[in-house]
Every structure is written in C-alpha cells, then in structure tokens.
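In what follows, a structure is listed as structure tokens, so that the remarks can point back to it.
Computed from the coordinates by the stated procedures, all read-outs in this text should not be read as laboratory data. In this text the structure is predicted, and so the values were computed from the model without any measurement. Here the Cβ positions follow ideal geometry from the backbone for every residue, glycine too, while neighbour counts run over all protein chains shown.
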Amino acid sequence: MKKFLEGSQAVAKAVKLAKPGVISAYPITPQTHIVEGLAQFVADGELKSEFVNVESEHSAASAVLGAEACGVRSFTATSSQGLILMSEVLFNIAGMRLPVMLVCANRALSAPINIWNDHQDSIALRDSGWIQFYAENHQEVVDFILQGYKIGENPKIMLPVMVCMDGYILTHGMEVVDIPSQEQVDKFLPPYNPPYKLDIDNPLSLGLLGDPTVYMETRYAIQDTLNNDVLKLIPQVSSEFESIFGRRTLKLVETYKTEDAEVILVAMGSVAGTIKDVIDEERSKGKKVGLLKIVTYRPFPKEEVFNILKQASRVGVIEKAISLGSDGPLYTEISALFSGEKNSPQISGFIAGLGGRDITEKTIQTVIELVKGKKTSCIFMDLNKELLWEDFRVI
Amino acid sequence: MFSILVAKAGSSKDNKTGSWRSVKRPKFLQKDCIGCGLCKLICPEACIEGEEKNTYRPDYDYCKGCGLCAYICPKKDIEMILETEEK
Amino acid sequence: MKEVKIFARAGQGAITTAAILGEALFYEGKYTYAFPHFGAARMGAAMNAFLRFDEKPIRLRSKIYEPDYIIVIDPTLIESENVFSGLKSQAKAILAVRENTPQYKGEDSQVYRVPAEKIALEVIGKPFANTVLLGAFSKVSGEVKLESILKAVETRFKDKPQVLGKNLEAVRKGYSSIG
C-alpha cells in the first residue's frame, strides 16, 4: 500500500514485515528514528521480537552476532562513528558466515564531528565481507531489506547484508513509498532456517581459531561466494521479488540513458536522482549524457560496469568518500577495470558532498564540463578556497 | 563456498596434552592436604579431580606439567618432580 | 515541479508543516518529497524544512534555493535568514507576523502577512503558528485543497486527540485570514 512516509519509518515497517527475532541497536543520528520505530512496534506488541538495549554499537553488533549464531533472524542499524565502533564485530559476523541485516544511515566520520551525509562510514567497511547495497530512494531501501534477508540467508551464501541509505536525505526525508502486505512478504521470505546454529542438544563450536593452515581458505571461500554465487543470485531473487511485488528494484547496476551516451557519470545512492534530472536537461540540449548507478557495491559487478562504460568516450565517477592519500575508492576500482584495455574511455574522478555539502544540479553540470576536459583523478567539488590556508591559524 | 566454519563441540578431549610434558610433573603427596581445592581451580587443563582432603590427583593424560598446582598449594603438599623420578 | 521552503526555529514544527503539506498533496495524487535541514540541531536554532511536489516522482535531492513559495513560521527570522533571497519571479511569501513586524516587500513576489501566533494563541492556547500557516498556504497557493490539509492534520494528530480539534480550527482560521 502506498504511503507518504519518513525514510526511517519505511525501514522500520520493512524490518517488521521480515519478523526478526532479535533487534539490537544503540541510538545515533541520523539512524535513531529507525530503531525508535522498531522499539515502538515491539512495545505496542505489533512485532514479537526481543529488543536488546545495549551500551554501545560494539555490543549491539555482538548481540545480533549471538542471535544469528543461535539461528535467529536479527536486525541492527547504525551510522558513522557507530558503524566503525562496530567494525571489529562486523568482520567477525562475515567471517562466521552469519546473515545479519544492518541498515547504515550514511553519515560522515569525525573529526571534525559532523552529523550530515556522505558515504565514508560504509565505504570504510567495504573490505569486511559484507554484501553492500546503496539505495536511491525509500522504495529501494524497503525492497533491498526484504531481498537482502533472502540473499544473505540463502544456505549457499550465509553472508551479512548492509543496506546503505543516505542520512537525512533519505532517513529524514518523506516521500511516497509502497509498503508491501504481510501476506506478500511471507510468500517471498520464508522463516530463517540456517544450516548451522548453536544448539545445546547438538553442540557445535563457532568462531574458531583459524591458524595459517586454514585461514586463507576461509577468506577464499567468502571471496568465491561473493563473486560467483551472490552476483548470480541477485538477479534471480530480484525476478522472484518482481513476480510477487510487481517491481524490480534490486540490481547489480542500473543504467539511465546510457545506450548512446558519450559521457557516462557513475554514482551511488540518492545523488543518482539529482543526476538523472540533470541528464534529462542535458539531453534536451542534445548532449548525450547517461548515468551508471552502482546498486550492488559489494560484490563489485565488474563485468556489468565494464560492459556499460566501454561504450562511452568519457566517464566521470562522482563519489561521497575518499581514500585519503589516494583517490576516490570507486574511481580507483573502475579505473583498474580498464587497465591495459585499448579502447578505454577517459575516466575522471570527483569527490562531492562530503559531510553534507549539498550536491546541486550545478555541481553535476560542472562535473560534466570537467569530464570533457583533461583527465583528472580526484577533484573536490564545490570547495570554498577561502577556508584553505597554508599556515596554521586560529579563528 | 564454505571452508572450516564449525567444529563438533567437546573435541578438545581428543587432544591429550599430557604429551606436552617434558621435564617435570606434579606429585600429589596427600599428607598435609586440607581439601581447599585451589589446585583443582587453578589447573588450566581442568584435569585435577578430588573432593575430600588428601584425595586430589591429576590426570596425567592431560597434565602439561605447568606447575601451577604446586605453586598455589598453601600446604606445599604438591611437589614438582623430574619425569625420570619414581612414580 | 513546485518548491516550498519553510523557515523556523527547531521545535516550532517546520518538519510537521512540511509533512502535513506533503501528506495533503499525496492525497491529491501528487508525488512529494519533504525534508529538513538542521543547522545546530538544537531547539531554538534556525532551521529549514523543504517540500517539492510534482505530477511525477521527485528525484532531485538538493536543497531548495529558488522556491516558488516560502513559509516563515518565526517572524524574527525574516531578516536574519534573508528569507526573500532566491525567490522565483512571482513567488508567494507567507509570513507569520507580530504587531511590530515591519512591512516587508518582496521585490518580485507577493507577500501575505498572517498574525499566526495570535490566532494560534486564541485557538490552541499556545503560539504554534504552523497549522494556521498551512490553512493560509492552501488559500494563497491554490495548490492544495483545505479538505486535504484538514485530513492530513487528522492523520498527523491521530494519537493526540486533545489537540486535534484545536489544530483543525487553527487551519480553518488561517485559511479564512487571507482576504
């Protein structure tokens, strides 16, 4: 049923439909409304779930790790400092092959302290073994959560899933979203039935020491699952979702007017919407511009990205994260795909929207102009040069 | 794809750590024992059994010869002796 | 696509205003995107709420710089926040005003003055100007029916029956305050 909802409320409703047995989270802006909503459902008796109050995000992640190890579907959500405080446990969750669902309300990292949106928090966890989806709008967040559970809990996958939604822009933004019925969701998402769990009648040890004779194999197994099984499973689950819910939102990548595009921009998350508006405007002036939206960032869909971008002559990667001392992480990965290729497009990288700096239509138009010029690897957009000094100052 | 992820519980019993003992082993004299149970509590292998005074003894299949029981005993009723000495 | 920018202090209900307006337009089959921007994120600090609406889904995620409408909930922000800057030609400004609020003229826009706090004090008993201004917006803009606003207010305040009736009355009073 279509409703006009705040993004966080839409997440709470989607998670409720998935019926997790354990929810644990620690409040942090801009994630807080999500678990506030879920706590309310539990308190009102609308959701039969154990809501575990904890003293930190590290404990929240540990609680859902424990729940999943006991074979219980679980949910947590966090942002920014909370996510990196969880990071030790997040690597463990992936290594122990436990399909936890985490919604990351993307927010910049300190210092300086900043509560506004960018992607640095979840990008910092890109190497952890978690599946990562980046949502453009409320509908995608809702759909990715339901499909994420199904993918992560597949007995051949057993990996955790992080659904990334832009803080404030989506978490606090209100828009029209279709919330499915419980009957539809029950038809799509069966109860969680893991191939292994902690059970006193059938004891097992989980989270073992992996010495040099076995550790590499465990890493190889995750890599193989992500790059082979998950990439294949996503379109299948997406088709199944479409047959029940009537829409196809979860993809490896989404293309917008790329067929004949000379310039293709690459981006993730909500900024894709702004870019689509700019593309329509450019197209009305006869300029052949398109967008490649990365939906599934981990595993990285190399083949799809390569095949779409190879048709363009210029590519501009716009990202809300930076590997300080190198370039934008997405730019680096996309450039590597074309290493040694003869007819590679010219690829340029742009850093935009860090710490909530507004990405306007003008920002995107400027990127399009710069992409047509000399190749650049890491241009910071919309910088205020007056705030950059060569010497130390106290203001 | 999966690799080593879980193991059967209780498998540490198959691992007879008594073979790690190289120089010395504890000898429980059973003379001045007051039954405090500290030796049983401190043993890292949990291989000491006993309830009453002068009944405590280690399972040499698992005793690594670390000497903690002899160190903790308040009555000095456990001695570390060379492996080559009489039983 | 039409764009509305709301000026308020955190705690004065700017987000609620945008949410009710978005909900009301949603009843009329429009796509809407309402979102806040916080500065200091503390009660009393100047903040904005924004609303876009259109016949087709809203994709644009930037803040609003050239609004078609502005709604100013706190009269003291008119000058400090420079509320008229960037207004589209023929834009409409709905200002909550007090007796001592100077006469402002938008350069190329129409200004509507609503004694919203006074009305709210009479009707609700507290100076919450936002629901009064929603009624005024309906009348001034013609973009959304009064009935839709009333229905959206009912939805919003369904868990607070003690203030629902008063707020519905405030909306109606705001509507009729525009001559």
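Here are some notes:
- Some residue of region A:42-56 being without any contact (Cβ under 8 Å) to a residue 60 or more places away in the chain, closer than 21 Å to residue A:122 by Cα, touching a Leu at 6+ places or on another chain (Cβ under 9 Å) and crowded, with 19+ Cβ neighbours inside 10 Å: no
- Residue C:83 fulfils the conditions (1) crowded, with 16+ Cβ neighbours inside 10 Å; (2) more than 15 Å from residue C:5 (Cα to Cα) except for a single criterion, (2).
Okay, residues lined up against (1) closer than 28 Å to residue A:285 by Cα; (2) of a type in the set (Gly, Ala, Ser); (3) under 29 Å from the mean Cα position of the chain (by Cα):
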site: A:354; (1), (2), (3): no, no, yes
site: A:366; (1), (2), (3): yes, no, yes
site: A:379; (1), (2), (3): yes, no, yes
site: A:393; (1), (2), (3): no, no, no
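- Residues satisfying the stated conditions in region A:87-102, i.e. within 20 Å of residue A:221 (Cβ to Cβ), in a helix (DSSP H, G or I) and in contact (Cβ under 8 Å) with a residue 40 or more places away in the chain: A:90, A:92, A:93, A:94, A:95
- Out of A:392, A:300, sole residue that is touching a residue at least 24 places away in the same chain (Cβ under 8 Å) and closer than 26 Å to residue A:108 by Cβ: A:300
- Within region C:92-110, one or more residues are touching a residue at least 40 places away in the same chain (Cβ under 8 Å), away from chain A (no Cβ under 14 Å) and over 30 Å from residue A:271 (Cα atoms).
- For region C:3-41, the set of residues classified as under 12 Å from residue C:71 (Cβ atoms), more than 11 Å from every other protein chain (Cβ to nearest Cβ) and hydrophobic (A, V, I, L, M, F, W, C) consists of C:4, C:6, C:7, C:8, C:14, listed by residue number.
- Leading residue by the ranking (nearest to residue C:39 (Cα to Cα)) among those in region A:325-373 that are touching a strand residue (DSSP E or B) at 6+ places or on another chain (Cβ under 6 Å) and among the aromatic types (Phe, Trp, Tyr): A:350
- Criterion: more than 8 Å from chain B (Cβ to nearest Cβ), outside any helix (DSSP H, G or I) and of a type in the set (Lys, Arg) - qualifying residue of A:197, A:187, A:232: A:197
- Qualifying residues in region A:275-290 (those that are in contact with an Asp or Glu (Cβ under 7 Å, 6 or more places away or on another chain), surrounded by fewer than 24 Cβ atoms within 10 Å (Cβ to Cβ) and touching a residue at least 40 places away in the same chain (Cβ under 8 Å)) - the one nearest to the other protein chains (Cβ to nearest Cβ): A:277
- Residues satisfying the stated conditions in region B:1-23, i.e. among the aromatic types (Phe, Trp, Tyr) and facing chain A (nearest Cβ under 8 Å): B:2
- Where a residue in region A:1-23 is within 12 Å of another protein chain (Cβ to nearest Cβ) and its partner, wherever it lies, is among the aromatic types (Phe, Trp, Tyr), with Cβ under 8 Å and at least six apart: A:4/C:26
- Of the residues making up region A:131-143, at least one is in contact with a Ser or Thr (Cβ under 7 Å, 6 or more places away or on another chain), buried (at least 24 other Cβ atoms within 10 Å of the Cβ) and in a helix (DSSP H, G or I).
- Identity of the residue in region A:103-130, outside any helix (DSSP H, G or I) and acidic (Asp, Glu), that ends up surrounded by the most Cβ atoms within 10 Å (Cβ to Cβ): A:118
- For the criterion of being surrounded by 13 or more Cβ atoms within 10 Å (Cβ to Cβ) and in contact with a Pro (Cβ under 7 Å, 6 or more places away or on another chain), residue C:47 passes.
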